[in-house]
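Here is the structure we will look at.
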Amino acid sequence: MSFEFIIPEIVDPNGVDGSPHPRPMDVKDDQSREEKVLETDGEPITNFYGNSNPYIDYESIDLLLSLQHPRSQGYDEMCFIIMGQAKELLFKSLYFELYNLQLRIRDDDIANAFVIMDRSKKILKLIVNVWDVLSTIRTDGFNQFRDYLSVASGQLSFMYRHIEFILGNKNKHMCEAHSNVPHVYPALLKNFSSPSIYDDVIRQLARNEFAIDAAALDRDWTEVYKENASVEAAWLKVYSDPTPTNELYMLGEGLTELADIFSQYRHRHFVSVERILGFKPGTGGSAGVGWLKKAVDHRFFPELWTIRTEL
Ligand code: HEM
């Protein structure tokens, strides 16, 4: 892109409260809203005092919208930054759901696990669709700001790594890459060292009287999960009754769909990267598409894929 462009002014950063902590706010109830509507004659409130308003304060919106700082003269960099930040937020939303999905499974509360699973899949689909926007960045546009990334790369996304770990794709190097960041590393290390959702699902199979090897029920959770014959046998038995009333079957299918959508995400990233970068090395020190190819072939919940051949 070679035309001149303008970044419109939205927020004066000098007026923003930069604290990441929640801002104090009143709590209202139905009665106070009834009283207010009489006072306003049914029109929305438009007179606020101080230097903010409750909408801004509830989600620190002025702070959120002050965090987009293109460093180059490239037109596409603003799009890249905002889509990147949108993805980080959506990954955080997904992680919150997955974390609680795991707790529901641990509690044998499958009804609520299904509700959370449904939302998780929808959030993940939204993340996949962000690639529709990102892939409008063409090679020449990306080259205009690429140098300014230095060695920054999505591989360093700790939010993405949380998702990979809770779903079961443990990677020591990718965890340790954050060991110098004291406000991020402890939570990531805890997640890395804890059972994944799939580990909890396997324990649930055992609670349902399926014969699962002890090695699959208690192990070093930091180790990469290895396919296990007893887990595959259990899923085969579950899948011998492929009906909607079979909760474990529906759970297996829900997890498979989640893994399927995640594979679509990795594939979209991979193809977009090949389209934008060709076979140039990545900014993060990797060989680029060649390195990403391995990630594309990865599948979460391996036995839920291998059983298909036997069914
Ligand atoms: C649109 C332009 C993009 C390009 C050309 C690109 C390119 C790459 C490359 C080459 C890698 C390999 C590692 C390295 O950098 O050496 C990588 C990894 C990665 N990128 Fe991107 N990326 C783009 C956008 C994004 C965005 C917006 C995100 C998410 C916020 C993202 C997330 C990731 C993640 C999580 C990895 C690590 C993958 C894994 O561990 O399996 N990328 N990217």
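The condition of being at positive phi, surrounded by 15 or more Cβ atoms within 10 Å (Cβ to Cβ) and at pLDDT 95 or above holds for only one of 262, 301, that being 301. Of all the criteria given as (1) out of contact with any Asp or Glu (no Cβ under 7 Å at 6 or more places or on another chain); (2) surrounded by 10 or more Cβ atoms within 10 Å (Cβ to Cβ); (3) in a loop (DSSP other than H, G, I, E, B), the one not satisfied by residue 233 is (3). Checking each residue in segment 119-142 for being part of a helix (DSSP H, G or I) and either of a type in the set (Gly, Ala, Ser) or without any contact (Cβ under 8 Å) to a residue 60 or more places away in the chain (or both) picks out 119, 120, 122, 123, 126, 129, 130, 132, 133, 141.
Being within 21 Å of the chain's Cα centre (by Cα) and closer than 23 Å to residue 104 by Cα is true of residue 225. The number of residues in segment 275-289 being closer than 14 Å to residue 138 by Cα and more than 6 Å from the ligand (Cβ to nearest atom) comes to 2. The residue that is nearest to residue 227 (Cα to Cα), counting only those in segment 270-311 that are without any contact (Cβ under 8 Å) to a residue 40 or more places away in the chain, of a type in the set (Gly, Ala, Ser) and in a helix (DSSP H, G or I), is 295.
For segment 171-205, a residue qualifies if it is within 30 Å of residue 233 (Cβ to Cβ), within 16 Å of the ligand (Cβ to nearest atom) and surrounded by fewer than 19 Cβ atoms within 10 Å (Cβ to Cβ), and the qualifying residues are 171, 172.
When segment 128-148 is limited to residues that are closer than 28 Å to residue 176 by Cβ and more than 9 Å from the ligand (Cβ to nearest atom), the one that is surrounded by the fewest Cβ atoms within 10 Å (Cβ to Cβ) turns out to be 147.
The values are calculated or read from the model by the stated rules, or taken from the named source; none is laboratory data. All values derive from a computational prediction rather than experimental measurement. FYI the Cβ positions are ideal-geometry reconstructions off the backbone, even for glycines, and counts take in every protein chain you see.
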